[in-house]
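Notes follow the structure.
Bear in mind these aren't lab numbers, they're just calculated from the coordinates by the rules spelled out. None of the values given here were measured: they were computed from a predicted structure. Neighbour counts run over all protein chains shown; Cβ positions are idealised from the backbone, glycine included.
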Amino acid sequence: VRGVLPASLALLAVACGSAPRTEIPLYEARRTADAPVVDGDLDDPAWQQAARTERFVNTRTGAAARPRTEARITWDDERLYIGFDVADTFLRATLEGRDAHLWTEDCVEVMVDPDGDGLEYFEIQLSPTHQVFDTRYRSRRVPQPFGITSWDSRLEGRASVDGTVNDDASDRGYEAELAIPFAALGVARPEEGDEWRVALYVLDARREGQGGVGWSPPLVGDFHVPARFGRVRFLAE
Ligand SMILES: [Ca+2]
Ligand SMILES: [Ca+2]
Ligand SMILES: [Ca+2]
Ligand SMILES: [Ca+2]
């Protein structure tokens, strides 16, 4: 009898969509023959055809969390494309200049570890005002404090805001569109069936302070956990 009640509760939680999501997710990224135009709007045919990720969750627990966020991924011979849809009602993006500390305000964040060995991974952030922070690491958080920030991802990234950043009126959110050249990551374009480890996060400035959500929750208070990055499988079509 003892096991019955918790199992029932777990089922109820799943039914209500409130069960923490702690498994490492897998996303099947289909190659596109019609590359998205990087303008911050995810209305391109490539995005219409791309599946949405699971909804992002609390990075420490995997529980449902705001801002409501989903992402999509596609690719072609040259670049990896990632689109974020973030329902953020309080937009703060005052920082400007290359490699500003965007994680202290609102931004989307991508970490990529192509071979999944936890070494030589890359971090790219894009703010709602198209500012970019990009760096690379030799191993987890090495070199301190922010990796090799002189690294240039050659990111093409744009965002479109539904609302107005940096005022007190309520916002509806933003979309962010990122195109990362494979060449900047020092790797060849993926082959059919290849799997990379990719982390997707949203850093979120709130009235009550800074928060964040993730696609694959690291389950600790640190985003740099390559073993917890999500899995992206590349499909040729
Ligand atoms: Ca677009
Ligand atoms: Ca690596
Ligand atoms: Ca940089
Ligand atoms: Ca925010």
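Have a look at 213, 165, 198 and tell me which one the Gaussian network model of the chain (Cα, springs below 10 Å) gives the largest fluctuation. Among 213, 165, 198, the largest GNM mean-square fluctuation belongs to 165.
Of the trypsin sites (Lys or Arg not before Pro) in the stretch 25-115, the ones in a loop by DSSP (not H, G, I, E or B) with at most 13 other beta carbons within 10 Å are 52, 98. Between residue 34 and residue 144, the contour length at 0.36 nm per residue exceeds the Cα-Cα span by 35.7 nm.
Taking loop as defined by DSSP and a crowding limit of 11 other beta carbons within 10 Å, which trypsin sites (Lys or Arg not before Pro) in the stretch 123-223 fit? Answer in residue order: 207. Evaluated over the Cα positions of the stretch 115-237, the convex hull gives a direction-averaged projected area, one quarter of its surface, of 9.0 nm². Mean sequence separation of contacting Cα pairs (under 8 Å, at least six apart), scaled by the length of the stretch 41-109, corresponds to a relative contact order of 22 percent. Computed over the chain, the range of Cα coordinates on each principal axis works out to 58, 47, 40 Å, biggest value leading. Loop-resident chymotrypsin sites (Phe, Trp or Tyr not before Pro) (DSSP state other than H, G, I, E or B) in the stretch 154-199 with no more than 10 further Cβ atoms inside 10 Å of their Cβ are absent. Across the chain, the relative contact order, built from alpha-carbon pairs under 8 Å that are at least six residues apart, equals 27 percent. Here the Debye sum runs over all C-alpha atoms of the stretch 78-130 as equal scatterers in vacuum, and log10 of I(q)/I(0) at q = 0.12, 0.26 Å⁻¹ comes out as -0.35, -1.09. The order of 101, 224, going from fewest to most other C-beta atoms within 10 Å of their C-beta, is 101, 224.
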